[in-house]
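The structure appears below as structure tokens.
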Amino acid sequence: MSRLGEDHGTTLTPGSLPPLVFPAIALGCGIAAGEAFPEVSLPVWGCCLGAGVGAIVIRKELLGSVPAALFFVLGHVLISSLVRPALPHDHVAELCNRGRVWVEGRISSVPEQHGQRIRFDLTVERAGQTRKESGAARGKVRLSIYYYSHDLRFGDPIGCQTVLKPIRNFNNPGGFDYTRHMGLRKIHCSGWARGDHLVRLPRDGDPDMAVVLVNRVNNYRNRFAAYIRKTVHSPDAAAVLTALVTGDRSAITRELKAVFAKSGAGHILAISGLHLSIVAFVSFQGFIRLFSLWPRLLIPGYSRKIAAVFTLGPLILYALLSGFSASTRRALIMIVIVMVSHVLEKEADTLNSLAAAFMAILLVEPGALFSVSFQLSFVAVLFIVGGVSLAREILKERKTPPSIIQKLGMFAMISACAILGTQPLVMHYFNLISFAGILTNFVLIPGAGFMAVPLGLFALIFYPVSVSLSGFLLTVAGFILEPCIWLLRWVSSISMFWARTVTPDYCEICCYYLVFSGLFIAVKGRRRTGLGVMVAALVILGAREAVWIKQRFFNRELSVFVLDVGQGSAALIEMPQGKRVLVDAGGFSGSSTFDPGERLVAPFLRQRKILTLDAVILTHPESDHMDGFIYILENFRVGRFIKNGDQGRSASYKELMAVVEKRGVRIDTVPGIEGLDLGGIPLEFLYPLLSVEPGRESAGELNNNSIVFKLTHGKTGILFPGDLLEQGERSLVLARGDRLASTILIAPHHGSSSSSSDFFLDQVAPESVIISCGWRNRYGFPHASVVKRYRNRGCNLFRTDRSGAVQILCTDSGCRMLTLKGE
């Protein structure tokens, strides 16, 4: 009996890898290189690749690298047109920032309803300053229509008066690159309009068959989704079943999404490779049983091939009826290629099929490489393939069929491989780790996957024929899902089963995968190479973490980040010895559902590897400074909550104080404490001296009662005056004028004309001023007169709307300013 690793038939060599693996890797690397280094031209890449290929050819190894090099160049070419588009002169983006303009075209995505807003993509055909002046135009626009009571469908020709703006990012470290995300979809501007400004245009002839098909499928999905919610009595079970069968997740509450994520079952809610694999498996097994009834098919072995062909029907049907989202399309391509390889008797070459699917998707949609679902799907399958391969190595000598225990063990191993493979990406994108994934998968995949999904699909098929039968199947599926959801709620309620995480960087993620690659190589026979890869990865990871520990806990610098949170304010103070203070957390007034605490501040903190804040300071209880704190206090450990004595009357303030009480955070008020001394850096509270009387908190009084404090490190002083107006500035100067002199000033009230008075600036005498304001905000901040006032005093001006986040680095001898965009 040979020992593991001594079987030369399983030794891993470059030549033994499937032929499509290296071209697939090269294609992905070419796309990634073209996106990450767009300024590097193809000739430069060609020289580098030529040198590399020449060295390889000289060594007479890996001659397949020549076509791989060509795929690298192809990947670069494919992504270049998306990340560096040369927009024509008649592109609709030329009308951005020109006030109200006229655009018309056809709706090119299925409209999505969000309360009073309908959102969709419009492929523009004509555009201009007015309808009469409009001419032929090209491009796509992401449109939001408010208060429109009629139905809009895919392919409808429409026109409207709208205000167009370019797609822009909030520019903070660790932030989501929305500009790239939309650019990969060839959308470079967005607009909004009221429903009464939208005009339906006449159709030119009969609609295309594709348009008719999409609308019919979408109407059928919507009717069936409504029927599910009507039939299944549990709202949660109805929402989950609707998502599993139709792909519509709009009914899933934010709280229920969190339950699935914390219990390691978030992948169940998004239709992807798992769901299509289940449909393919059930269909394939069913067709095999059916065709096995004919001996003529069974004897020559045709039944499995014909079953694989017939399985494509239910797969495509499910993909269409579930919305045919991008993740669904990619999963369909991957599984179709695997099924075709089965028909061609190439099913043993799973890695080659996976590489073929990888290349097919990227050749059609190169931007898919940066999609979270794409990355998770392929990494999960790759780890499962590797885990199964290792298991076969270990069990290959056993002649007896596997027992039930062994099958359950194999199922657990597959779940563990998928979890191990995707965990760094889940941490990177979602900042969450669940320790209960294997447990919940034991229940969810059989219950929700192999029972609820097929029942829901049969109900979907029988719905036009027999409503009663469809309702019965849905009721059974709902009963199956209810205990599954109960289990997930129980798991998510136990804190030991999940944890919030920081955002691992690309170096840490690569080291993680290199460790497992080395382990796989070692088990497959090349022990020395595998161990070398593992050791190298661990050394690099250890050095990376040592640098981070030194920077975090043994750094003597004071660092202040003024974040880009739009028309609001948020700043992070990083003091020596790892002490962290968050000053305000942004927010949007009105009915905006965008949460800057969740979308902007939290990703920045996690990218800085911060899960604990020693203190947070709310300068005053207004939405543009306060609302983001609700999410921060719910999801981060906070030592103390510092506020002034004002009692806000808004619902957000009441919700915030309820969260503070629930989390047991200590509350300090100003006046009441004179300052903080964290990490040896004094933080002195200068204002307010009194609180506004309860019931008299007007907007002006709240602004003039803002907490004002000063940081001092060596020769540098940084003054935070909140939203003080001129009256508040005068009161501050009269009370604390001798302490206001500062090197850097955070502009009061976002640079409004009612602040930054000469009386105040004479006392502060700043060398640099940072203005936190939203790009082209409706208030016109910063006001031109204020900007002129600062410039006349010789101040260096930094604006978050133009420069993105601004960082102040202070040492004992001075300070320097850095901006994210370098402007």
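Only one of Asp151, Asp156, Asp204 is of a type in the set (D, E, K, R) and open to solvent by less than 20 Å² (accessible area, probe 1.4 Å). Can you tell me which?
Asp156 is the lone residue from the list that is of a type in the set (D, E, K, R) and open to solvent by less than 20 Å² (accessible area, probe 1.4 Å).
Quick check on Val601: is it of a type in the set (Val, Ile, Thr), in a helix (DSSP H, G or I), within 19 Å of Gly174 (Cα to Cα) and out of contact with any Ser or Thr (no Cβ under 9 Å at 6 or more places or on another chain)?
Numbers: of a type in the set (Val, Ile, Thr): yes; in a helix (DSSP H, G or I): yes; within 19 Å of Gly174 (Cα to Cα): yes; out of contact with any Ser or Thr (no Cβ under 9 Å at 6 or more places or on another chain): yes.
Taking the combined requirement at face value, the residue satisfies it.
Given the conditions (1) open to solvent by less than 80 Å² (accessible area, probe 1.4 Å); (2) within 15 Å of Leu152 (Cα to Cα); (3) at pLDDT 90 or above, which single one is not true for Arg194?
Arg194 satisfies all of (1) open to solvent by less than 80 Å² (accessible area, probe 1.4 Å); (2) within 15 Å of Leu152 (Cα to Cα); (3) at pLDDT 90 or above except (1).
Let's see how each residue does on (1) within 18 Å of Arg489 (Cβ to Cβ); (2) buried (at least 17 other Cβ atoms within 10 Å of the Cβ); (3) among the β-branched types (Val, Ile, Thr):
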{"position": "His428", "(1), (2), (3)": "no, yes, no"}
{"position": "Leu432", "(1), (2), (3)": "yes, yes, no"}
{"position": "Val443", "(1), (2), (3)": "yes, no, yes"}
{"position": "Gly447", "(1), (2), (3)": "yes, yes, no"}
{"position": "Ala452", "(1), (2), (3)": "yes, yes, no"}
{"position": "Pro464", "(1), (2), (3)": "no, no, no"}
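Which residue out of Phe378, Phe374, Phe370 is at pLDDT below 90, open to solvent by less than 50 Å² (accessible area, probe 1.4 Å) and within 30 Å of Ile632 (Cα to Cα)?
From the options Phe378, Phe374, Phe370, the qualifying one is Phe374.
Can you tell me which residue among Leu444, Leu432, Leu439 is more than 25 Å from Ser517 (Cα to Cα) and out of contact with any Cys (no Cβ under 8 Å at 6 or more places or on another chain)? Step through it out loud before you land on a result.
On the way: Leu444 fails: out of contact with any Cys (no Cβ under 8 Å at 6 or more places or on another chain); Leu432 fails: more than 25 Å from Ser517 (Cα to Cα).
The match here is Leu439.
Quick one: Gln113 ticks every box in (1) within 26 Å of Gly566 (Cα to Cα); (2) open to solvent by less than 60 Å² (accessible area, probe 1.4 Å); (3) assigned to a strand (DSSP E or B) bar one, so which box is it?
So Gln113 meets the others, but not (2).
Kindly establish whether Leu702 is in a loop (DSSP other than H, G, I, E, B), under 38 Å from the mean Cα position of the chain (by Cα) and closer than 18 Å to Gly645 by Cα. Step through it out loud before you land on a result.
Working: in a loop (DSSP other than H, G, I, E, B): no; under 38 Å from the mean Cα position of the chain (by Cα): yes; closer than 18 Å to Gly645 by Cα: yes.
Here the answer is no, as Leu702 does not meet what is asked.
Could you tell me which of the residues Val214, Val199 is open to solvent by 30 Å² or more (accessible area, probe 1.4 Å) and assigned to a strand (DSSP E or B)?
Val199
Quick test for you: out of Gly105, Gly128, pick the one residue that is touching a Ser or Thr at 6+ places or on another chain (Cβ under 8 Å), over 29 Å from Thr253 (Cβ atoms), open to solvent by less than 40 Å² (accessible area, probe 1.4 Å) and without any contact (Cβ under 8 Å) to a residue 40 or more places away in the chain.
Testing whether each residue is touching a Ser or Thr at 6+ places or on another chain (Cβ under 8 Å), over 29 Å from Thr253 (Cβ atoms), open to solvent by less than 40 Å² (accessible area, probe 1.4 Å) and without any contact (Cβ under 8 Å) to a residue 40 or more places away in the chain leaves just Gly128.
Could you count how many residues in the stretch 214-240 are free of Cβ contacts under 8 Å to residues at least 12 places away in the same chain and of a type in the set (A, V, I, L, M)?
1
Scan the stretch 614-647 residue by residue and report those that are within 20 Å of Leu711 (Cβ to Cβ) and free of Cβ contacts under 8 Å to residues at least 40 places away in the same chain.
Val616, Val638, Gly639, Arg640, Phe641
How many of the residues making up the stretch 477-498 are aliphatic (A, V, I, L, M), closer than 22 Å to Met451 by Cα and surrounded by fewer than 16 Cβ atoms within 10 Å (Cβ to Cβ)?
If we filter the stretch 477-498 for residues that are aliphatic (A, V, I, L, M), which is where we start, we get 477, 480-481, 485, 487-488, 491, 494, 496.
From what's left, closer than 22 Å to Met451 by Cα: 477, 480-481, 485, 487-488, 491.
Keeping just the survivors that are surrounded by fewer than 16 Cβ atoms within 10 Å (Cβ to Cβ) gives none.
Of the residues in the stretch 477-498, 0 are aliphatic (A, V, I, L, M), closer than 22 Å to Met451 by Cα and surrounded by fewer than 16 Cβ atoms within 10 Å (Cβ to Cβ).
Of all the residues that make up the stretch 225-258, how many are part of a helix (DSSP H, G or I), crowded, with 16+ Cβ neighbours inside 10 Å and acidic (Asp, Glu)?
Residues in the stretch 225-258 being part of a helix (DSSP H, G or I), crowded, with 16+ Cβ neighbours inside 10 Å and acidic (Asp, Glu): 1 in total.
For residues that are part of a loop (DSSP other than H, G, I, E, B) and in contact with a strand residue (DSSP E or B) (Cβ under 7 Å, 6 or more places away or on another chain), tally how many sit in the stretch 141-152.
Summing the residues that are part of a loop (DSSP other than H, G, I, E, B) and in contact with a strand residue (DSSP E or B) (Cβ under 7 Å, 6 or more places away or on another chain) in the stretch 141-152 gives 3.
Given the residues Phe154, Phe120, which is the only one that is aromatic (Phe, Trp, Tyr), touching a helix residue (DSSP H, G or I) at 6+ places or on another chain (Cβ under 9 Å) and within 22 Å of Asn219 (Cα to Cα)? Reasoning before the result, please.
Working: Phe120 fails: touching a helix residue (DSSP H, G or I) at 6+ places or on another chain (Cβ under 9 Å).
Within the list Phe154, Phe120, the selection yields Phe154.
For the subset of the stretch 638-689 comprising residues that are open to solvent by less than 20 Å² (accessible area, probe 1.4 Å) and among the acidic types (Asp, Glu), which member is nearest to Val616 (Cα to Cα)?
In this case the residue turns out to be Asp668.
Within the stretch 600-613, identify whether any single residue is open to solvent by less than 10 Å² (accessible area, probe 1.4 Å), at positive phi and not aromatic (Phe, Trp, Tyr), and answer yes or no.
no
From the set of residues in the stretch 325-336 that are more than 18 Å from Gly449 (Cα to Cα) and more than 20 Å from the chain's Cα centre (by Cα), which is surrounded by the most Cβ atoms within 10 Å (Cβ to Cβ)? Spell out how you get there, then give the answer.
Taking the stretch 325-336 first, the residues more than 18 Å from Gly449 (Cα to Cα) are 325-326, 329-330, 333-334, 336.
Remaining after also requiring more than 20 Å from the chain's Cα centre (by Cα): 333-334, 336.
Numbers: Ile333: 19, Met334: 25, Val336: 19.
Among residues in the stretch 325-336 that are more than 18 Å from Gly449 (Cα to Cα) and more than 20 Å from the chain's Cα centre (by Cα), the one surrounded by the most Cβ atoms within 10 Å (Cβ to Cβ) is Met334.
Taking the stretch 511-535 on its own, how many of its residues are of a type outside the set (S, T, N, Q) and closer than 22 Å to His428 by Cβ?
11
Surrounded by fewer than 19 Cβ atoms within 10 Å (Cβ to Cβ), in contact (Cβ under 8 Å) with a residue 24 or more places away in the chain and touching a helix residue (DSSP H, G or I) at 6+ places or on another chain (Cβ under 8 Å): which single residue out of Gly175, Gly183, Gly135, Gly139 fits that description? First the steps, then the outcome.
Values: Gly175 fails: surrounded by fewer than 19 Cβ atoms within 10 Å (Cβ to Cβ); Gly135 fails: touching a helix residue (DSSP H, G or I) at 6+ places or on another chain (Cβ under 8 Å); Gly139 fails: surrounded by fewer than 19 Cβ atoms within 10 Å (Cβ to Cβ).
Result: Gly183 is the single residue among Gly175, Gly183, Gly135, Gly139 that is surrounded by fewer than 19 Cβ atoms within 10 Å (Cβ to Cβ), in contact (Cβ under 8 Å) with a residue 24 or more places away in the chain and touching a helix residue (DSSP H, G or I) at 6+ places or on another chain (Cβ under 8 Å).
Being open to solvent by 40 Å² or more (accessible area, probe 1.4 Å) and of a type in the set (A, V, I, L, M) is the filter; apply it to the stretch 262-291 and report the residue that is modelled with the highest pLDDT.
The residue in question is Val282.
If you go through the stretch 84-93 one residue at a time, do you hit one that is modelled with pLDDT under 95, part of a loop (DSSP other than H, G, I, E, B) and of a type in the set (Asp, Glu)?
Looking for residues that are modelled with pLDDT under 95, part of a loop (DSSP other than H, G, I, E, B) and of a type in the set (Asp, Glu), one finds at least one in the stretch 84-93, hence yes.
Any residue at all in the stretch 718-741 that is open to solvent by less than 20 Å² (accessible area, probe 1.4 Å), within 35 Å of the chain's Cα centre (by Cα) and at positive phi? Outline the logic, then answer.
Here is the first cut: in the stretch 718-741, the ones open to solvent by less than 20 Å² (accessible area, probe 1.4 Å) are 718-724, 728-729, 732-733, 737, 740.
Checking the rest, the ones that are also within 35 Å of the chain's Cα centre (by Cα) come to 718-723.
Narrowing further to those that are at positive phi: 722.
Within the stretch 718-741 (the criterion being open to solvent by less than 20 Å² (accessible area, probe 1.4 Å), within 35 Å of the chain's Cα centre (by Cα) and at positive phi), the answer is yes, since at least one residue qualifies.
The values are calculated or read from the model by the stated rules, or taken from the named source; none is laboratory data. None of these values were measured; they are calculated from a predicted model. No Cβ is skipped: glycine too gets one built from the backbone with ideal geometry, and neighbour counts run over all protein chains shown. SASA here: full protein model, heavy atoms, side chains in, ligands and nucleic acids out. Shrake-Rupley method; radii C 1.70, N 1.55, O 1.52, S 1.80 Å.
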